[in-house]
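Here's the structure we're looking at; comments come further down.
Rule-based calculations on the coordinates, nothing more; no lab input. Model, not experiment: these values are computed from the prediction. Positions of Cβ are backbone-derived with ideal geometry, glycine not excepted, and every protein chain shown enters the neighbour counts.
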């Protein structure tokens, strides 16, 4: 797992290609990240499935409850088939844009 800081967002990259192992690492260290905006880059796993994304639902809920944003990044999935409660973007740039929009919405009280 590779960790990068970009502005007010932490990017966690799955560098090993196994989404389940990556989930375990993120979940184990969740206390360190739960007060930050997060981007989870899952692009290294080209065989990722929607079922793999569902592993992250508790993490998503925890981050959202702390009034922060979390976006999963994967270009290997058909985004139209991903459940709405799982925020996914196809690129890191789009993930950053989504976080910026959510920050603005929170600032405006939405």
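Within the range 44-68, residues that are closer than 15 Å to residue 83 by Cβ have Cβ atoms under 6 Å from residues that are surrounded by 19 or more Cβ atoms within 10 Å (Cβ to Cβ) in these pairs: 48/19; 48/42; 48/74; 52/19; 55/23; 60/70, counting only partners at least 6 apart in sequence or on another chain. Of all residues in the range 23-43, those that are touching a residue at least 40 places away in the same chain (Cβ under 8 Å) have Cβ atoms under 7 Å from Cβ atoms of residues that are surrounded by fewer than 14 Cβ atoms within 10 Å (Cβ to Cβ), 6 or more apart or on another chain, in 37/8. Against the condition in a helix (DSSP H, G or I) and over 15 Å from the mean Cα position of the chain (by Cα), how does residue 94 come out, does it pass? When the stated conditions are applied, residue 94 does not pass them. One residue alone among 41, 52 is within 14 Å of the chain's Cα centre (by Cα) and closer than 14 Å to residue 92 by Cβ, and that residue is 41.
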